[in-house]
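**Q** First, the structure itself, so that you have it in front of you.
The values are calculated or read from the model by the stated rules, or taken from the named source; none is laboratory data. Source: prediction; values computed, not measured. Glycine gets a Cβ as well: all are built from the backbone with ideal geometry, and neighbour counts include every protein chain shown.
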Amino acid sequence: MNDKKMTEKKKAVRFFCISMAILLIASIFIWGFQTEWGAVKIKRITITGDDGTQISSLAYIPRGVSAENKAPVVMVFHGRSNQGHSNDTWNMELARRGYVVYSPDLSGGGESDVNDRKPQAIAITRYVTTLNFVQTDNIVVVGYSAGCRSTNDVAEALPNNVSTIVAALGPNLVSPVKGHDFNFGVVKAVADQYNWEFIGDVEACAKAVTERFNLPEPVVVDKDYDINGKTFRYMVSDDTLHQTGNISNDTIIHIVDYIMDMVPAPNPIPAESTTWLPQQLFSGVACVTMMFALASFLNLLLQTEFFGSIKTERAARKAQTGVKAWILDVVFSIVIPALIFIHVSAYGMAWFASSKILTSTNLNGIMLWLVVVAIIGIVRTIIKTNKRKKAGETVSASDFCIAGPGEKVAASRIWKSLLLGVIAVCFFGLWMTAMEGFMGINYQVWNLATYLKPSPARIIKALPYMLIIFCVMFFGNINQRTQKSTGNERKDMVRAIIVNTVLTAGALFLLLVIQYGGNLMIGTGQAVFEQMYMPGIQGGSVGALDFAFGYCYMMGGTTAVVTYIYRKYGNIWAGVIPCAIFAGLFTLASFTLVR
């Protein structure tokens, strides 16, 4: 091995080791904050429901809990297109105060089988009533968004076990359980766009609560009302939209404070004393580092003789410079995709509402938009190619980043890149499995980025989406923007990564900033982009924009990895194929793959 190859290999090993070291350190801190540095054990349990389906749940067990020292238990039910880890910020704050917490995956989310949410929520709660280390007659049920329905389902089915209900950010708010009385806490976000859509402004929501719970006066925020010997409290969070309730300090404090008032905490830490923020910060470090880890892992494998054969000389390509080139890129990569997102994705949700292959309504909208964006890119590439041919220029495979100068597309590069991708997702899948198995954690920043251990059922349902993502990534990267070289390869690399990342993620980022920044500024729940109602889908949607956060992150991040690998190894196969598999598997991790 010559000195240059040895130096490259050493750099690759160092890059990989540094990435994984940062990932491990971040993981330890996430575990520390999430478990009060070992005072809470997090484990996953799986039970069989009455109909034979498997129901998986996270369990937070504080130290010292036993049959002789029973603890109160809190059931936390996640919202639509979420999973058990989605409420980690709530789970950890309750568990560190001594509550046993169960946070189940409900139908199609996480690791539970596909079924109706109602029997699953009831079955996992009924299982908890058989445990000898919890107070089975003093169960608290907490619901987030669609999970608010699950709280009422469980309370109605198990009225002798449930003592308290907390409903946070329910799209249609909540209603009392018919025929039974419970302590009932309602948490509303001032800027909740679903409340606005289905009920109205803050005053309309307060009026609805007053009527539904038959209160003696217009409901007063944070006032306790006695209803047949039970305590009702209406709480309002000022710092959150519907989707941001998991990272709303105000919401977390309201939930914890109310539960502690109704069911005294074994470890009465003040509700205002929270540690979820550093947990989220280190989760953010981990999520960003995962992209560096992916790039470094691919780079390390490409140092081997077997995968190194993928490498080819990077073809010299004409630089795209000038104001006109920038304007065209911004228009076709950001402006047009942003303008069509809501309508295209809404149609996608409706058109594929009954598909047996594309089984997630929320994902279907995003996927159709991605396909349309790819088609726009293909048409633009065809037009540019025809102009070059008419000008007498020779066009070859190297102009599309899929071969070296004067080379044809090599099948060996394609199947080796596929193998490279399989190895990469297996490695990171095992890493995430170890993180949950030994620490009980995943990597998750709100719903901007989510990494979960993959389960076989989810991989199978994700395959058609992976194929779509591959096609979109392939056609999006075959004509990567080329800029004039500065003469400094590292500087050119960084600049190329930044430009391609911005052009790829810019449309969604722009929409999300306008929608959610605008919603917060309006502050009533009224959305910048209103709901679109389409035949074939339940309720309305702003074209799946509510669920597009992860794609903004993952599309931008994997484009950065593709650009890095392409500039080092001369073609996009080694970047696009592994990144498409990676993006497909881990982006879909946080989605419910059922309707």
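**Q** Which numbered condition in (1) at pLDDT 95 or above; (2) among the aliphatic types (A, V, I, L, M); (3) assigned to a loop (DSSP other than H, G, I, E, B) is the only one that MET235 fails?
**A** That leaves (3) as the condition not met.
**Q** Hey, among SER57, SER19, SER66, which residue is at pLDDT 95 or above, among the hydroxyl-bearing types (Ser, Thr, Tyr) and not assigned by TED's automatic domain parsing to the domain that holds VAL134? Before you say what the answer is, go through the steps one by one.
**A** Details: SER57 fails: not assigned by TED's automatic domain parsing to the domain that holds VAL134; SER66 fails: not assigned by TED's automatic domain parsing to the domain that holds VAL134.
Exactly one residue qualifies, and that residue is SER19.
**Q** Could you list, in sequence order, the residues of segment 149-163 that are under 23 Å from the mean Cα position of the chain (by Cα) and either in a loop (DSSP other than H, G, I, E, B) or among the basic types (Lys, Arg) (or both)?
**A** The answer is ARG149, and nothing else.
**Q** If you don't mind, another one. Could you figure out which of (1) closer than 30 Å to ILE259 by Cβ; (2) surrounded by fewer than 20 Cβ atoms within 10 Å (Cβ to Cβ) isn't true of LEU300?
**A** Exception for LEU300: condition (1).
**Q** Show me the helices (runs of 4 or more DSSP H) entirely contained within segment 321-412 in which 1 or more residues are closer than 30 Å to ARG80 by Cα.
**A** Values: elements: 323-330, 336-351, 361-390.
Counting at least 1 such residues, we get 336-351, 361-390.
**Q** Go through segment 250-283 and report how many residues are in contact with a strand residue (DSSP E or B) (Cβ under 9 Å, 6 or more places away or on another chain) and either charged (D, E, K, R) or surrounded by fewer than 17 Cβ atoms within 10 Å (Cβ to Cβ) (or both).
**A** Adding up the residues that qualify gives 6.
**Q** Next question, about the same structure. If you take the residues in segment 437-460 that are assigned to a helix (DSSP H, G or I) and surrounded by fewer than 19 Cβ atoms within 10 Å (Cβ to Cβ), which one is modelled with the lowest pLDDT? Can you show your working first?
**A** Taking segment 437-460 as the starting set, the residues that turn out to be assigned to a helix (DSSP H, G or I) are 437-439, 456-460.
Add one more test, that the residue is surrounded by fewer than 19 Cβ atoms within 10 Å (Cβ to Cβ), and what stays is 437-439, 456-457, 459-460.
Working: GLY437: 94, PHE438: 95, MET439: 96, PRO456: 80, ALA457: 76, ILE459: 82, ILE460: 82.
Within segment 437-460, the match that is modelled with the lowest pLDDT is ALA457.
**Q** If you go through segment 475-485 one residue at a time, do you hit one that is in contact with an Asp or Glu (Cβ under 8 Å, 6 or more places away or on another chain), modelled with pLDDT under 90 and buried (at least 22 other Cβ atoms within 10 Å of the Cβ)?
**A** No.
**Q** Is it the case that TRP276 is of a type in the set (Phe, Trp, Tyr) and within 29 Å of PHE591 (Cα to Cα)? Let's see the steps before the verdict.
**A** On the way: of a type in the set (Phe, Trp, Tyr): yes; within 29 Å of PHE591 (Cα to Cα): yes.
So TRP276 fits the description; yes.
**Q** Out of (1) within 14 Å of SER145 (Cα to Cα); (2) touching a strand residue (DSSP E or B) at 6+ places or on another chain (Cβ under 7 Å), the odd one out for ASN183 is which?
**A** Against the list (1) within 14 Å of SER145 (Cα to Cα); (2) touching a strand residue (DSSP E or B) at 6+ places or on another chain (Cβ under 7 Å), ASN183 comes up short only on (1).
**Q** Can you tell me which of MET493, MET532 is crowded, with 16+ Cβ neighbours inside 10 Å, of a type in the set (A, V, I, L, M) and in contact (Cβ under 8 Å) with a residue 12 or more places away in the chain? Step through it out loud before you land on a result.
**A** On the way: MET493 fails: crowded, with 16+ Cβ neighbours inside 10 Å.
Answer to the selection: MET532.
**Q** Restricting attention to segment 170-203, and to residues there that are surrounded by fewer than 20 Cβ atoms within 10 Å (Cβ to Cβ), assigned to a helix (DSSP H, G or I) and of a type outside the set (A, V, I, L, M, F, W, C), which single residue is nearest to the chain's Cα centre (by Cα)?
**A** Taking the candidates together, the pick is GLU197.
**Q** I'd like the full set of residues that are of a type in the set (A, V, I, L, M) and more than 22 Å from the chain's Cα centre (by Cα), limited to segment 335-355.
**A** Listed by number, the residues that qualify are VAL335, ILE336, LEU339, ILE340, ALA350.
**Q** Sticking with this one: Could you grab me the full set of residues in segment 48-67 that are assigned to a loop (DSSP other than H, G, I, E, B) and among the aliphatic types (A, V, I, L, M)? Write out each step before concluding.
**A** Here is the first cut: in segment 48-67, the residues assigned to a loop (DSSP other than H, G, I, E, B) are 49-53, 63-67.
Within segment 48-67, VAL65, ALA67 qualify.
**Q** Same structure, new question: List the residue pairs whose Cβ atoms are under 6 Å apart, where the first residue sits in segment 552-575 and is over 23 Å from ALA397 (Cβ atoms), the second is of a type in the set (D, E, K, R), and the two are 6 or more positions apart or on different chains.
**A** Short answer, once both residue conditions are applied: none.
**Q** Testing GLN279 on (1) touching a residue at least 24 places away in the same chain (Cβ under 8 Å); (2) outside the structural domain of ARG388 (by TED's automatic domain parsing); (3) over 20 Å from the mean Cα position of the chain (by Cα), one condition comes back false. Which one is that?
**A** Of the numbered conditions (1) touching a residue at least 24 places away in the same chain (Cβ under 8 Å); (2) outside the structural domain of ARG388 (by TED's automatic domain parsing); (3) over 20 Å from the mean Cα position of the chain (by Cα), the odd one out for GLN279 is (3).
**Q** Looking only at residues that are without any contact (Cβ under 8 Å) to a residue 40 or more places away in the chain and crowded, with 16+ Cβ neighbours inside 10 Å in segment 365-389, which one is nearest to MET466 (Cα to Cα)?
**A** Filtering segment 365-389 for residues that are without any contact (Cβ under 8 Å) to a residue 40 or more places away in the chain and crowded, with 16+ Cβ neighbours inside 10 Å, the one nearest to MET466 (Cα to Cα) comes out as LEU368.
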